[in-house]
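Note sheet for the following structure.
The values are calculated or read from the model by the stated rules, or taken from the named source; none is laboratory data. Since the structure is predicted, the reported quantities are computational estimates derived from the model, not experimental observations. We place every Cβ from the backbone using ideal geometry, glycine too, and count neighbours over all the protein chains shown.
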Amino acid sequence: MSSQRYLVTARKYRPQLFHEIVAQEHVTKTLQNAIRLERLAHAYLFSGPRGVGKTTAARILAKAINCTTPFDERPGGAEPCRTCDSCRSFEEGRNLNIIEIDAASNNKVDDIRELRETVRIPPQGNRKKVYIIDEVHMLSNAAFNALLKTLEEPPPYVLFIFATTEPHKVIPTILSRCQRFDFRRITVPEIIEQLRHICTEEQLTADESALMLIARKGDGALRDALSVFDQSVSLCGTNLQHEELTHALGVVDTDLFFQATQFVTSGDGAGMIQLVERIVRAGYDLQEFLDGLAEHLRNLLVAHSMPDTTLIETTEAMRARYSESSREFEEPDLLRLMMIVAEAEDALKSSRQPRLRLEMALLKMAALTNAADLRSALTKLDHLEELAGKGTLPSGLATPEAPVQGIPAKASPHGQSSAQTASKPAPVRTPPKPAEPRVGEPDPGPYSGSPTADVPAPKPRPKSAPGDLAALRANDDEPDFSPPPAHAPDGPARKTQAASPVVTPVDPGNLFGQPALMKRPPRDDGAPRNAFARDEGDVAVIEQSTEEPPEQLRRVTALWPRFVQFMMKERIHVGSMLQHATPLSIKGSILTVGVIDPFQQRLLTNQADFLSGHLLNLMGEDDVTGIVFASQGGDGADTTAQPKPAFDPQQYLQRKRTENPVLAALLERFGGELSW
């Protein structure tokens with residue numbers, strides 16, 4: 001048995017010089033320049049992941065500072081010589097001027113007070129006294145604050161080196177007094193290169209896949225990879241093989257991931273369930289399988305999206321396999337699969353049935369091929385809608401025998417598909433049978449069923465107008481909120497106003513209707529009223545002549561609600577005023593429309609050209625070429641009436657208070673006052 005004590009690989013091959021530190025050249029070169037130029041700070045902070053060389057770099061820095069060999073005789077001009085008494089005493093563990101402190105077990109204020117006392121003692125036989133405090137983030141806030149003054153103004157012979165994996169836990173007042181160096185994670189190729197060097201030194205053989213597996217298990221930390229390397233050597237001896245390491249280390253075989261993606265392309269749900277059974281029987285951790293599957297999908301995405309596969313951390317043979325397998329997928333499909341795996345990873349951590357969660361995720365992935373692509377379906381629908389609008393649907397594109405792929409035939413209310421209805425001309429609508437009037441309600445007349453009944457087909461307008469009124473005119477499936485016309489085309493006219501009114505159009509989206517206190521011109525008796533309405537039972541009723549309206553006015557009245565609805569979409573402020581307007585008469589091709597007050601008359605007159613153009617486009621004929629708005633006392637109103645007495649708002653409000661007991665009770669209960 002050998003008398004030499006066994007050391008683990010991480011300690012045996014621990015770097016002793018700056019150039020031996022792996023993948024941290026941005027730190028080592030800076031420190032060497034500082035030593036060579038004698039520009040050393042009094043405090044350094046080394047931060048980074050575990051196992052990347054923070055404490056090792058701190059030890060080499062402390063050794064290089066106290067090395068007694070002149071700079072021109074050192075390797076590289078700043079490396080420790082390892083031959084002087086100072087370097088040999090440190091490597092042998094008997095140097096009293098380099099103190100290493102574990103902050104995890106010395107994190108109290110008393111420990112920092114003791115450190116402050118030892119700082120006062122100068123170094124014995126060395127240039128500087130170096131304090132290496134590992135895991136410095138474990139110090140308490142009180143200990144940090146006790147260290148502040150000493151750290152800011154230490155003696156000239158003292159140097160502090162802090163190492164931590166969590167720099168965000170170090171208070172800012174400490175960070176501001178240190179020079180910070182961030183150590184980076186070590187890549188897989190760099191770890192493999194170091195493993196090859198160790199295998200050569202130890203006279204071991206290992207295939208490329210085995211070294212790749214060990215390096216990936218290190219997860220960016222060289223020390224972790226060397227620990228796995230020692231375990232692999234204990235298992236396999238002097239010959240490291242990938243197959244043996246896969247079973248010994250519990251690593252999920254890569255073939256299982258390729259089988260999973262193969263089941264996705266074939267939509268084999270049963271194969272997915274059998275795959276989960278194999279994973280469970282082999283004893284693999286389900287969370288580790290999902291992690292590996294996510295990385296596998298990422299590699300497929302890289303191989304599919306990029307011409308260079310060097311970003312895939314695997315062997316050349318495996319990269320070629322990824323490139324070949326990625327051809328079976330599209331980039332959106334791989335992104336969806338990665339999202340499913342990510343959701344399963346989160347759900348698996350808190351699930352009481354992890355196997356069921358895994359099976360559900362894999363079955364969802366297998367069913368992805370049966371799902372329709374939303375973008376493709378929307379594109380096809382837009383194309384069909386465009387063809388249907390032009391009336392140029394080609395035969396066989398969307399028929400019951402040959403529907404469009406990916407778009408199911410939509411049944412119409414009459415049992416026909418949408419393709420059938422789109423290919424046939426629209427049937428001519430007949431006027432519906434008029435409904436019987438209710439008791440106490442006015443007779444709506446025979447035109448209440450459809451405001452567009454008996455309206456001839458529109459002729460094309462010579463010039464185009466803004467908006468899509470043609471589409472609005474052709475849309476007969478939307479609910480019609482238009483009011484019924486006041487008179488029937490045939491039959492004697494009604495004599496009484498209560499029996500044949502035309503109710504002012506009301507927007508169905510307006511929940512509150514007309515304002516309660518609407519400004520109206522005075523009436524003969526002094527009470528307010530609308531210029532075109534009278535106050536009977538607090539219901540505004542448009543006064544109409546008992547004579548039969550002309551055909552043009554009847555057509556305009558029937559189309560008026562649709563015109564108002566379109567104006568609400570185009571210009572809402574114009575449409576809101578048109579809700580309370582009523583067509584009165586047509587003289588020649590000029591339409592007179594009654595409005596509530598002169599304010600609305602002025603605003604709508606400014607929009608007269610815009611409104612007349614759209615109304616002409618809606619009617620389809622040159623029936624209306626201009627619009628005039630009239631109001632009581634306005635420019636376009638009939639002003640031949642006798643002068644009316646002045647309107648008294650207070651008298652009107654008092655009368656309403658007397659007539660309405662609810663209003664009177666509210667005013668009395670809450671102490672309100674009427675205001676005009």
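Before moving on, here are some points about what is shown:
- Counting residues in the stretch 173-183 that are among the β-branched types (Val, Ile, Thr) and over 30 Å from residue 89 (Cα atoms) gives one or more.
Yes/no per residue for (1) within 23 Å of residue 213 (Cα to Cα); (2) in contact with a helix residue (DSSP H, G or I) (Cβ under 6 Å, 6 or more places away or on another chain):
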position	(1), (2)
288	yes, no
354	no, yes
357	no, yes
360	no, no
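- Any chance residue 288 is within 30 Å of the chain's Cα centre (by Cα), exposed (fewer than 14 other Cβ atoms within 10 Å of the Cβ) and either in the same structural domain as residue 331 (by TED's automatic domain parsing) or not acidic (Asp, Glu) (or both): yes
- Qualifying helices (runs of 4 or more DSSP H) (wholly inside the stretch 1-94; at least 3 residues being surrounded by 15 or more Cβ atoms within 10 Å (Cβ to Cβ)): 25-36, 54-65, 85-91
- Residue list for the stretch 574-601, restricted to those being in a helix (DSSP H, G or I) and either of a type in the set (A, V, I, L, M, F, W, C) or closer than 17 Å to residue 562 by Cα (or both): 574, 575, 576, 577, 578, 599
- With respect to (1) of a type outside the set (Phe, Trp, Tyr); (2) surrounded by fewer than 17 Cβ atoms within 10 Å (Cβ to Cβ); (3) assigned to a loop (DSSP other than H, G, I, E, B), the lone exception for residue 107 is condition (2).
- Answer residue from the stretch 194-253, given it is polar (S, T, N, Q) and in contact with a Leu (Cβ under 6 Å, 6 or more places away or on another chain) and is farthest from residue 51 (Cα to Cα) among those: 238
- Filtering the stretch 280-299 to residues that are touching a residue at least 40 places away in the same chain (Cβ under 8 Å) and farther than 26 Å from residue 323 by Cβ leaves 280, 286, 287.
- Positions within the stretch 101-128 being touching an Asp or Glu at 6+ places or on another chain (Cβ under 7 Å) and of a type in the set (D, E, K, R), in sequence order: 102
- Looking only at the stretch 161-206, and only at residues there that are among the acidic types (Asp, Glu), under 24 Å from residue 46 (Cα atoms) and out of contact with any strand residue (DSSP E or B) (no Cβ under 7 Å at 6 or more places or on another chain), the one that is surrounded by the fewest Cβ atoms within 10 Å (Cβ to Cβ): 166
A quick yes/no check of all residues on (1) modelled with pLDDT of 90 or more; (2) within 19 Å of residue 312 (Cα to Cα); (3) of a type in the set (A, V, I, L, M, F, W, C); (4) out of contact with any strand residue (DSSP E or B) (no Cβ under 8 Å at 6 or more places or on another chain):
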{"position": "262", "(1), (2), (3), (4)": "yes, no, no, yes"}
{"position": "278", "(1), (2), (3), (4)": "yes, no, no, yes"}
{"position": "285", "(1), (2), (3), (4)": "no, no, no, yes"}
{"position": "290", "(1), (2), (3), (4)": "yes, yes, yes, yes"}
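One line per residue, one yes/no per condition, for (1) surrounded by 15 or more Cβ atoms within 10 Å (Cβ to Cβ); (2) more than 30 Å from residue 283 (Cα to Cα); (3) at pLDDT 75 or above:
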{"position": "375", "(1), (2), (3)": "no, yes, no"}
{"position": "378", "(1), (2), (3)": "no, yes, yes"}
{"position": "383", "(1), (2), (3)": "no, yes, yes"}
{"position": "393", "(1), (2), (3)": "yes, yes, no"}
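- Out of 616, 604, sole residue that is in a helix (DSSP H, G or I) and either modelled with pLDDT under 85 or not assigned by TED's automatic domain parsing to the domain that holds residue 558 (or both): 616
- Test: residue 18 is within 26 Å of residue 188 (Cα to Cα), touching a strand residue (DSSP E or B) at 6+ places or on another chain (Cβ under 6 Å) and outside the structural domain of residue 197 (by TED's automatic domain parsing): no
- The single condition from (1) in contact (Cβ under 8 Å) with a residue 40 or more places away in the chain; (2) in contact with a Pro (Cβ under 6 Å, 6 or more places away or on another chain); (3) not polar (S, T, N, Q) that residue 593 fails is (1).
- Within the stretch 130-145, the residues that satisfy the criterion of being without any contact (Cβ under 8 Å) to a residue 60 or more places away in the chain, touching an Asp or Glu at 6+ places or on another chain (Cβ under 9 Å) and not acidic (Asp, Glu) are 131, 133, 137, 138, 139, 143.
- Only one of 116, 127, 120 that is surrounded by fewer than 19 Cβ atoms within 10 Å (Cβ to Cβ), more than 24 Å from residue 11 (Cα to Cα) and touching a residue at least 40 places away in the same chain (Cβ under 8 Å): 127
- Flag if residue 44 is in contact (Cβ under 8 Å) with a residue 24 or more places away in the chain, closer than 20 Å to residue 192 by Cα and outside the structural domain of residue 234 (by TED's automatic domain parsing): no
- Residue list for the stretch 303-325, restricted to those being free of Cβ contacts under 8 Å to residues at least 40 places away in the same chain and outside any loop (DSSP other than H, G, I, E, B): 303, 304, 305, 316, 317, 319, 320, 322, 323, 324
- Qualifying position, being surrounded by 15 or more Cβ atoms within 10 Å (Cβ to Cβ), in a helix (DSSP H, G or I), modelled with pLDDT of 90 or more and in contact with a His (Cβ under 9 Å, 6 or more places away or on another chain), among 358, 334, 363: 334
- All of (1) surrounded by fewer than 18 Cβ atoms within 10 Å (Cβ to Cβ); (2) more than 23 Å from residue 23 (Cα to Cα); (3) at pLDDT below 90 hold for residue 100 with one exception: (3).
- For the condition surrounded by fewer than 20 Cβ atoms within 10 Å (Cβ to Cβ), at pLDDT below 90, out of contact with any His (no Cβ under 6 Å at 6 or more places or on another chain) and not aromatic (Phe, Trp, Tyr), residue 234 qualifies.
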